[in-house]
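The values are calculated or read from the model by the stated rules, or taken from the named source; none is laboratory data. Quantities reported herein were computed from a predicted structural model and do not represent experimental measurements. Here the Cβ positions follow ideal geometry from the backbone for every residue, glycine too, while neighbour counts run over all protein chains shown. Protein only, heavy atoms only, side chains kept; ligands, DNA and RNA dropped before computing areas. Shrake-Rupley method; radii C 1.70, N 1.55, O 1.52, S 1.80 Å.
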Amino acid sequence: MINKLIVLMMFCILLCFQGMHTTAKELLIKNARLFDGKGTPPRLVSIHVIDGKIFNIGQQFLINDAQVIDVHGATVLPGLIDAHVHLQWVPGSVYRKDDPEQLRKFRLHHLRAYLASGVTTVLDTGISASVLTDINNHLKSGGIGPRVYALAPIFRAPGGY
């Protein structure tokens, strides 16, 4: 298997985000310019994906029964990590007085936005267990969003500051 740094490549995530994903078990992405973040110059590669995970990266592959997508030199790179997010709230929700359903709708929209920006992993530094469970259930059921890690609920002074 390929180095974990490369496993979450932005282009593959964006394929899913844009609704271009395939129901095929295997996918071959041809003519991709790979920037791997290791200091080597970008190189032209093919990317073999099985069941939604990168299986192999290399030169030209001949794979039977794989859907083939030629990206004509588009650049692929490892996914970015945002190590300090708060998924509990969304910008402006307190001022708009969003109800719980509207807040959830915005939260799920923001999960998609992370992927659109190339962020494939986030670390929430303070989130309630119920919101984290809802996000995890959304992702496990096929919802679109980055890999989510969490530290703990937010600690705050009784009654606020």
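Could you list, in sequence order, all residues of the range 74-93 that are more than 30 Å from Val45 (Cβ to Cβ), touching a residue at least 12 places away in the same chain (Cβ under 8 Å) and not in a helix (DSSP H, G or I)?
The first filter runs over the range 74-93 and keeps only residues more than 30 Å from Val45 (Cβ to Cβ), leaving 84-93.
Then keep just the ones that are touching a residue at least 12 places away in the same chain (Cβ under 8 Å); that gives 84-90, 93.
Passing the criteria: His84, Val85, His86, Leu87, Gln88, Trp89, Val90.
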On the basis of being open to solvent by 20 Å² or more (accessible area, probe 1.4 Å), more than 30 Å from Gln59 (Cα to Cα) and among the polar types (S, T, N, Q), does Ser128 make the cut? yes
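Output the residue which, of all residues in the range 94-125 that are assigned to a helix (DSSP H, G or I) and in contact (Cβ under 8 Å) with a residue 40 or more places away in the chain, is least open to solvent (accessible area, probe 1.4 Å).
In the first step, residues of the range 94-125 are kept if they are assigned to a helix (DSSP H, G or I); the result is 94-96, 100-116.
Of the ones still in play, those that are also in contact (Cβ under 8 Å) with a residue 40 or more places away in the chain are 112, 115-116.
On the way: Arg112: 90, Leu115: 9, Ala116: 51 Å².
Step by step, filter the range 94-125, then rank; the result is Leu115.
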Residue by residue through the range 131-149, note down the ones that are open to solvent by less than 40 Å² (accessible area, probe 1.4 Å) and either outside any helix (DSSP H, G or I) or among the polar types (S, T, N, Q) (or both). Gly143, Gly145, Pro146, Val148
Can you pull out every residue in the range 36-55 that is within 16 Å of Pro78 (Cβ to Cβ) and open to solvent by less than 90 Å² (accessible area, probe 1.4 Å)? Asp36, Gly37, Gly39, Thr40, Pro42, Val45, Ile47, Val49, Ile54
Name every residue in the range 55-73 that is free of Cβ contacts under 8 Å to residues at least 60 places away in the same chain, in a loop (DSSP other than H, G, I, E, B) and of a type outside the set (Asp, Glu), in order of residue number. Gln59, Gln60, Phe61, Leu62, Ile63, Asn64, Ala66, His72, Gly73
